[in-house]
Amino acid sequence: MALTLSTTKTFTNINCSNNTSNITTFKPLKLPLFWPWQKVKMGPLSVSPMGFGTWAWGNQLLWGYQTSMDDQLQQAFELALENGINLFDTADSYGTGRLNGQSERLLGKFIKESQGLKGKQNEVVVATKFAAYPWRLTSGQFVNACRASLDRLQIDQLGIGQLHWSTANYAPLQELVLWDGLVQMYEKGLVRAVGVSNYGPQQLVKIHDYLKTRGVPLCSAQVQFSLLSMGKEQLEIKSICDELGIRLISYSPLGLGMLTGKYSSSKLPTGPRSLLFRQILPGLEPLLLALSEIAKKRGKTMPQVAINWCICKGTVPIPGIKSVRHVEDNLGALGWKLTNDEQLQLEYAAKESPKSMIQNIFQTR
C-alpha cells in the first residue's frame, strides 16, 4: 500500500491505494505555519485576522522596488495563501512614476496565475484605495477610478473599495462628491463593501452617518495604529469603530520597521526612512526593551509580538511584505495571544518612550 499525505488549508488528508507493486516516495507533510486559525468579520466579508499590505510593490523611492523582485513577491503571495491569508491591501496610487498602479497589476497577476486558487479567485479579499486626486471632481470620475483598478487587478469585483484620504481640510466640496462615488461603486456592484483610510474621529462619524442615510454600510477604517502610534486620537478612532461596528485596519503595525529590532541609531535603513528613524529611534528604548523581553520569553520575534498586540486590540493589521522571509515571520504573529499583563507592559513601555510615530499628514480630525 502506498501512503501519500497532502494538506488543504487546515486539514490533513490521507489517501490510500491498493497498488503495492510500486512504493513511491513523497514530500514531507508541510503543515501551516500557524494552526489552527479563524476568520474575523469585516462588514459582509470574512477575512484572516491579519492581512498583508503591498505598498512596497512598485515603490522604488521608499522601498527600493525592482522588477527583478517580482518572482519573490509572487512566492510570498503564494505562501500567504497557503497559510490562510486572504486579505491583501493595495491602492491605485502605489508605484513610483511610470510604475504607478504596479501594486494592483502584480496582485492581479498573482491572483490569476495562482495554482492554489483555481476557480476560487473570489476567496481573495482585495482591498484597494482610490486616491482623492484634485482632478477627481465628480462621482463618475471616482467610479471610473474603481473600474480602472478592476482592470489592473483583472477581477470583476473588489472586496473593499476605500477612499484613500479625506479632502475635508482643503476641499470639502470634493469630499461630498467622493462619498457619492463610493455609494455608486457599491450600488453598481463594483465593490462588495466600502471603507475609508486616514480618517480622523470627526470625519469618520460624518461619513458613517452619510453612508447610512444612503443605505451603504461603512465596512472598515484604515489608519496608522501600532505600539508606536497609539495616541489619544488613534484610540478615539478605535473607540468609534467599536461603537459603530466598523473594523479598524491597522497599517504600519511595525512603524515602518522601527519595531522590528533590526535598526538602531547606528544602523539605519537606506533611503528617506533613515531621516525619520534618526529622529524617533533614540527615544524608543523602553518600548524596544519590552518587545525584546516578551519575545524572548514567548519564543517569538519582536515583529510577531508587535503585530499580535494589534490583533489583541481587535484590529486587523496589514504589515507589508516583500519576501518569503517577511511572510514566514509575520505569520508567526498568529495562533497565540498576548496576556493582558503583557499588553499592559507594552503599552506602559510605549508611553514611557518619549518618541512616537508622526501621523499621516492626510489624517483629518
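The values are calculated or read from the model by the stated rules, or taken from the named source; none is laboratory data. Note that the coordinates shown come from a computational prediction; the quantities given were computed from them, not determined experimentally. Here the Cβ positions follow ideal geometry from the backbone for every residue, glycine too, while neighbour counts run over all protein chains shown. Accessible surface areas use protein heavy atoms only, side chains included; no ligands, DNA or RNA. Shrake-Rupley method; radii C 1.70, N 1.55, O 1.52, S 1.80 Å.
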**Message:** Yes or no: the range 269-277 includes at least one residue that is touching a residue at least 40 places away in the same chain (Cβ under 8 Å) and open to solvent by less than 10 Å² (accessible area, probe 1.4 Å).
**Reply:** no
**Asked** Do we have any residue at all in the range 109-118 that's free of Cβ contacts under 8 Å to residues at least 24 places away in the same chain and either assigned to a loop (DSSP other than H, G, I, E, B) or surrounded by 14 or more Cβ atoms within 10 Å (Cβ to Cβ) (or both)?
**Response** yes
**Request:** Looking only at the range 187-196, decide whether some residue is surrounded by fewer than 20 Cβ atoms within 10 Å (Cβ to Cβ), in contact with a helix residue (DSSP H, G or I) (Cβ under 6 Å, 6 or more places away or on another chain) and assigned to a helix (DSSP H, G or I).
**Result:** no
**Request:** Please give the number of the condition P253 fails out of (1) more than 15 Å from G314 (Cβ to Cβ); (2) under 22 Å from the mean Cα position of the chain (by Cα); (3) of a type outside the set (S, T, Y); (4) open to solvent by less than 20 Å² (accessible area, probe 1.4 Å).
**Result:** (1)
**Prompt:** Any idea which of (1) touching an Asp or Glu at 6+ places or on another chain (Cβ under 6 Å); (2) farther than 18 Å from N330 by Cβ is the one A127 doesn't satisfy?
**Reply:** (2)
**Request:** Counting only residues that are of a type in the set (K, R), give me the helices (runs of 4 or more DSSP H) lying completely in the range 221-318 with at least 2 of them.
**Result:** 232-244, 273-280, 285-298
**Request:** Inspect all residues belonging to the range 54-64 and state whether any of them is surrounded by fewer than 21 Cβ atoms within 10 Å (Cβ to Cβ), at pLDDT below 95, out of contact with any Phe, Trp or Tyr (no Cβ under 8 Å at 6 or more places or on another chain) and not aliphatic (A, V, I, L, M).
**Result:** yes
**Request:** Kindly indicate which of F34, F11 is open to solvent by less than 20 Å² (accessible area, probe 1.4 Å), modelled with pLDDT under 90 and out of contact with any Pro (no Cβ under 7 Å at 6 or more places or on another chain).
**Result:** F34
**Message:** With the requirement that a residue be hydroxyl-bearing (S, T, Y) and touching a residue at least 24 places away in the same chain (Cβ under 8 Å), what does the range 296-342 give you?
**Reply:** T301, T315, S323
**Asked** What are the residues in the range 138-150 that are within 17 Å of A127 (Cβ to Cβ) and not hydroxyl-bearing (S, T, Y), if any?
**Response** F142, A145, C146, R147, A148, L150
**Single residue of the range 313-352 satisfying the filter (of a type in the set (S, T, N, Q) and surrounded by fewer than 19 Cβ atoms within 10 Å (Cβ to Cβ)) that is nearest to the chain's Cα centre (by Cα)** = S323
**Message:** Can you find, within the range 256-268, the residue that is surrounded by the most Cβ atoms within 10 Å (Cβ to Cβ) among those that are closer than 23 Å to M50 by Cβ and more than 20 Å from the chain's Cα centre (by Cα)?
**Reply:** Y263
**Message:** So for the range 84-91 (the condition being aromatic (F, W, Y) and either without any contact (Cβ under 8 Å) to a residue 40 or more places away in the chain or open to solvent by 40 Å² or more (accessible area, probe 1.4 Å) (or both)), does at least one residue qualify?
**Reply:** yes
